[in-house]
Amino acid sequence: MRLTLHFGVTPSLFCAEVITGDPANNVTDAIFSKLGAKLHTRRDHPICILKDAIHQYFDSRFGAGVFAQLDDLHPLVSTEQNFDQVLVPPDHVSRSPNDTYYVNAHTVLRCHTSAHQVDTLRSGKRAFLITGDVYRRDAIDATHYPVFHQMEGVRVFAPADWAASGQDGTAFAAAELKSTLEGLARHLFGAETEVRWIDAYFPFTEPSFEMEIFFNGAWMEVLGCGVMQQRILDGALGGNPGEHRAWAFGLGLERLAMVLFGIPDIRLFWTSDERFTRQFKAGTFKPGGAGTKFSSFSKYPPCLKDVSFWMPPGDQFTENNMCEVVRSVAGDLVEEVKLMDKFTSPKTGKTSGCYRIVYRSMERSLTDEEINALQTEVRSRMVSQLSVELR
Ligand code: PHE
């Protein structure tokens, strides 16, 4: 594949380089149109405001520039970078084309910023924060969107760092990780913020944890993290195996920005409607989002359309595939796709599904004609692309 390189900037892409004729390709026009948007680098965008607030915390805790801040790494990566380098097993669900966007069998749109851990370590950095857009095929609702933003943090320790602590390297790294992230939670949500740790599993860390924050009366999962698998670190650093230790975390920015700033729908991050954009200004962040509370502009009425169908035999039909079809027809006019009913006929063995599609614009009222035209197109593409039989 050929990339067009411009000096000093991310290679720009031609559509034909991402939407290839390759049999493994499952990138749609709707997804292609998001590549290169880089919301996390637009100064006054809420995602960038949150990124800056996190950078500021790391600069003040560790000293300015101690953590390198990277936010221009290209979202197109190899399956090696996205999966193998971070020890994602060959049969892990995230490798499935139902979950990940493939350009071809060896190239994907990164599904997490962990795809850059190893290369960044190899480049010599020992503490860094990487922010980028990540891509996942998923369901459609107010908190899920096929593109979102993550920040990856990594810090490497040498034996001298933990010698005085009386702990082994792994225990030291885990404790330092937790105290760093608890400080981050207080920086973002306020000094009184309650945090709890849940044991978790990630292929690339051991031990692994999830951090939850008590906010607005509920526990909310904020990030995944852990002590980097020694095999990954040793492979990336070269030198004496087992000598260093490292921690890593990965944090989703949309979810945090939504609760901090009171943004009710994930599609709003992509709008250019001034009633949204003018409410956010760089440099206004305060703990708990107090400096940056979004006040909703009027909500337009939703329009509900149901579609019932027989699924083709086998596992050809998936909810993610259906959502992709709906999104490629209706774009950001679709708010939710939800399963209403599903049953298998005992006579024929065929499975029937009924899904409700909720159409709603965040910017204007939609007309009946326009919704009907979208729904007709969705139905016809479900037949041609998903091989369903409409009922
Ligand atoms: N990559 C993980 C995810 O996307 C998050 C993570 C990063 C977890 C680093 C542990 C360490 O869910």
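Any idea how many residues of the range 165-210 are aliphatic (A, V, I, L, M) and in a strand (DSSP E or B)?
Step one: filter the range 165-210 for residues aliphatic (A, V, I, L, M), giving 171, 173-175, 177, 181, 184-185, 188, 191, 195, 198, 200.
With the extra rule that they be in a strand (DSSP E or B), the set shrinks to 195, 198, 200.
Here the count works out to 3.
Only residues that are more than 13 Å from the ligand (Cβ to nearest atom) and in contact with a Phe, Trp or Tyr (Cβ under 6 Å, 6 or more places away or on another chain) were counted across the range 166-183, and they come to 2. Just a yes or no: is a residue in the range 210-222 within 16 Å of the ligand (Cβ to nearest atom), under 23 Å from PHE67 (Cα atoms) and crowded, with 21+ Cβ neighbours inside 10 Å? Yes, there is a match, as at least one residue in the range 210-222 is within 16 Å of the ligand (Cβ to nearest atom), under 23 Å from PHE67 (Cα atoms) and crowded, with 21+ Cβ neighbours inside 10 Å.
Take the conditions at negative phi and assigned to a strand (DSSP E or B) and apply them to TRP162. Does it pass? Here the answer is no, as TRP162 does not meet what is asked. Conditions: (1) out of contact with any Pro (no Cβ under 9 Å at 6 or more places or on another chain); (2) assigned to a helix (DSSP H, G or I); (3) not polar (S, T, N, Q). ALA30 meets all but one. Number of the miss? Here ALA30 meets the rest and fails (1).
Would you be able to say whether some residue in the range 130-140 is hydrophobic (A, V, I, L, M, F, W, C), away from the ligand (no atom under 12 Å from the Cβ), part of a helix (DSSP H, G or I) and farther than 19 Å from VAL18 by Cβ? No, because not a single residue in the range 130-140 is hydrophobic (A, V, I, L, M, F, W, C), away from the ligand (no atom under 12 Å from the Cβ), part of a helix (DSSP H, G or I) and farther than 19 Å from VAL18 by Cβ. Starting from the range 331-359, take each residue that is part of a helix (DSSP H, G or I) and list its partners that are crowded, with 18+ Cβ neighbours inside 10 Å, counting only C-beta distances under 6 angstrom and pairs at least six apart or across chains. Cβ pairs passing all conditions: ASP332/ARG267; LEU333/TYR359; LEU333/SER361.
One line per residue, one yes/no per condition, for (1) touching a helix residue (DSSP H, G or I) at 6+ places or on another chain (Cβ under 6 Å); (2) charged (D, E, K, R):
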site	(1), (2)
ALA330	yes, no
GLU335	no, yes
SER345	no, no
THR367	no, no
ILE371	no, no
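Looking only at the range 277-330, residues that are in a loop (DSSP other than H, G, I, E, B) and of a type outside the set (D, E, K, R) come to 21 in all.
Under the condition of being more than 16 Å from the ligand (Cβ to nearest atom), under 30 Å from VAL227 (Cβ atoms) and among the charged types (D, E, K, R), the residues counted in the range 244-293 number 0.
Among the residues making up the range 185-209, a single one is surrounded by 15 or more Cβ atoms within 10 Å (Cβ to Cβ), under 20 Å from GLN56 (Cα atoms) and free of Cβ contacts under 8 Å to residues at least 24 places away in the same chain: THR193. Within the range 366-377, residues that are closer than 20 Å to TYR355 by Cα have Cβ atoms under 6 Å from residues that are surrounded by 12 or more Cβ atoms within 10 Å (Cβ to Cβ) in these pairs: ILE371/CYS303; ILE371/TYR359; LEU374/VAL329; LEU374/ALA330; GLN375/LYS305; GLU377/VAL329, counting only partners at least 6 apart in sequence or on another chain.
Checked against (1) within 13 Å of the ligand (Cβ to nearest atom); (2) without any contact (Cβ under 8 Å) to a residue 24 or more places away in the chain, ALA163 passes all but a single condition, namely (1).
Restricting the search to the range 344-362, which residues are among the hydroxyl-bearing types (Ser, Thr, Tyr) and under 19 Å from LEU304 (Cα atoms)?
Within the range 344-362, the first condition is being among the hydroxyl-bearing types (Ser, Thr, Tyr), and the residues that meet it are 344-345, 348, 351-352, 355, 359, 361.
Those that are among the hydroxyl-bearing types (Ser, Thr, Tyr) and under 19 Å from LEU304 (Cα atoms): TYR355, TYR359, SER361.
The numbers here are math on the coordinates, done by the rules we state, and not lab data. Just so you know, these numbers come straight off a predicted model, no measurement behind them. Positions of Cβ are generated from backbone atoms using ideal geometry, with glycine treated the same way; all protein chains shown enter the neighbour counts.
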